[in-house]
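Below: the structure, in structure tokens.
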Amino acid sequence: MRDEDFQLIDDFLEGDQAAFETLVRKYQKEIYYFVLRIVGNEEEAKDIAQMAFVNVFRSLKRFKKESKFKTWLYKIALNLCRNHLKKSRVTPSDELDPNLAGDDDPADSLIEKEKRRVLQRAIEELPEKQRLTVILRTYRDLSYADVSSILGCSEGAAKANFHFALQKLKKKLGKLYGLQKS
Amino acid sequence: MDCKKAEALITQMNRSDLERGLDGPLAGHLDECVECRTSLELVKLLQDTLTEPRPKREPDWNDFTRQVEHRLIADAYYGNWRGRINLGGMMNRLFRPAFGMGLATAALILAFFVAGPSLYRSDSKIPTSGPASTSVNTVSLPATLISSPMEDRVSLHLDHLSREELSYVNRALLRRVAAQERLDGIRDDIPSLPGIAHPDEDVEEVDYRLTNLEPGELQRISHALEHMIPN
């Protein structure tokens, strides 16, 4: 069966303007939340997510369909996030919104909230590629093939990044979470 | 099963695999290996923690789509010359008193030598406003489109856009302007514009419409654009 996104791209290139709007509507929420997860600021996330679609629009003619449209879109959004973070010289954890750690559930105890906050911060402190691999892999549930395509590395490197990230997190969080108790 | 294989399986698991639970050799290995059990617990923990962020205010998704459209229009207009001219930087410099005075003096001298002779001709007028001139690749609109006091008119080069992009932007632009400005004549005609299968006709049609607008309507369009571009 023909990929639905590729069909929309072809339709747009053949003159169906609504097809591009359909692509925006299909992915806007997903991309916004992904960017928000990376930059940690709602207004900036909105701005970057919208720019990602503008960049897609500019480059759509050059898209060779060698990867999924979705991973290409993520790649564009991620590059914009990286540029933004570089320019603002702010690490995401500096302005981490507590809501990103999902700690506004009233049923959670203070200890649970604190644990989540520590885990969130530990993730933010990982080296960039490891942190992004963890986010793409666990938060977005993407396959290693997709992760490697977005990050521009081999599938093996994506797996290794995830492995090393786990080792580091285990070391940092083992005691707090009681992970290493049998 | 050894730890290497076990971890490879654990790190391959996605959300639904984890929810389904474990069986077979991996489950057996985990019963005996604390290290691998820890890895599995950590992966589960990450999936529980890295859930969808909860922004303080959920964006209005219809508005989000509209803003993308606005940006595309703004990009079509600014995009071509933004890279070459840093208008913001120029204006900042202009507001420095010494630089501003110097520039103003130079501009006056230059204007005298360039425009001076034509002022003596009885049949010439300095263009200040009026209907826009258009061509297939350039649309010229009054300077109220941008906040530059330096130029009377601004030429909007659309060469860098593909035909499809140009057509998309033009239509989006006209539709939005017509809706905002209640230019009923244009709005009614937009659905009947030729299809994108004929981009030349489409572009010509848009140009034709721009040239046939009254100066007042053009002013309203340029105000609408001015309002849209900051978005």
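The values are calculated or read from the model by the stated rules, or taken from the named source; none is laboratory data. The structure presented is a predicted model; accordingly, all values stated were derived computationally and were not measured. Here the Cβ positions follow ideal geometry from the backbone for every residue, glycine too, while neighbour counts run over all protein chains shown.
Worth a mention:
- Output for the range A:1-32, where each listed residue is within 29 Å of A:ARG121 (Cβ to Cβ) and surrounded by fewer than 19 Cβ atoms within 10 Å (Cβ to Cβ): A:LYS29, A:GLU30
- The set of residues from the range A:11-42 being under 15 Å from A:ARG58 (Cα atoms) and acidic (Asp, Glu) comprises just one member, A:GLU21.
- Scope the range A:136-154; condition modelled with pLDDT of 90 or more and among the β-branched types (Val, Ile, Thr); matching residues: A:VAL147, A:ILE150
- Residue among A:ALA157, A:ALA165 that is modelled with pLDDT of 90 or more, within 27 Å of B:CYS3 (Cα to Cα), over 15 Å from the mean Cα position of the chain (by Cα) and more than 10 Å from every other protein chain (Cβ to nearest Cβ): A:ALA157
- Pick from the range A:25-41, criterion within 15 Å of B:ASP63 (Cα to Cα) and either in contact (Cβ under 8 Å) with a residue 40 or more places away in the chain or among the aromatic types (Phe, Trp, Tyr) (or both), ranking: farthest from the other protein chains (Cβ to nearest Cβ): A:TYR27
- Number of residues in the range B:35-74 that are within 9 Å of chain A (Cβ to nearest Cβ) and more than 37 Å from the chain's Cα centre (by Cα) equals 8.
- Residues satisfying the stated conditions in the range A:126-148, i.e. within 10 Å of A:THR71 (Cβ to Cβ) and of a type in the set (Asp, Glu): A:ASP146
- Given (1) touching a Cys at 6+ places or on another chain (Cβ under 8 Å); (2) more than 8 Å from chain A (Cβ to nearest Cβ), number of the condition B:GLU7 does not satisfy: (2)
- Pairs linking a residue in the range A:12-24 that is within 7 Å of chain B (Cβ to nearest Cβ) to a residue that is buried (at least 18 other Cβ atoms within 10 Å of the Cβ) and among the β-branched types (Val, Ile, Thr), with Cβ atoms under 6 Å and 6 or more positions apart or on different chains, are A:GLY15/B:ILE196; A:VAL24/B:VAL68.
- Residues in the range A:150-172 that are at positive phi and of a type in the set (Lys, Arg): none.
- Residue within the range A:87-94 that is surrounded by fewer than 19 Cβ atoms within 10 Å (Cβ to Cβ) and either at pLDDT 85 or above or facing chain B (nearest Cβ under 10 Å) (or both) present: no
- Residues that are farther than 19 Å from B:HIS70 by Cβ, more than 8 Å from chain B (Cβ to nearest Cβ) and not small (Gly, Ala, Ser), drawn from the range A:45-72: A:ARG62, A:PHE63, A:LYS64, A:LYS65, A:GLU66, A:LYS68, A:PHE69, A:LYS70, A:THR71, A:TRP72
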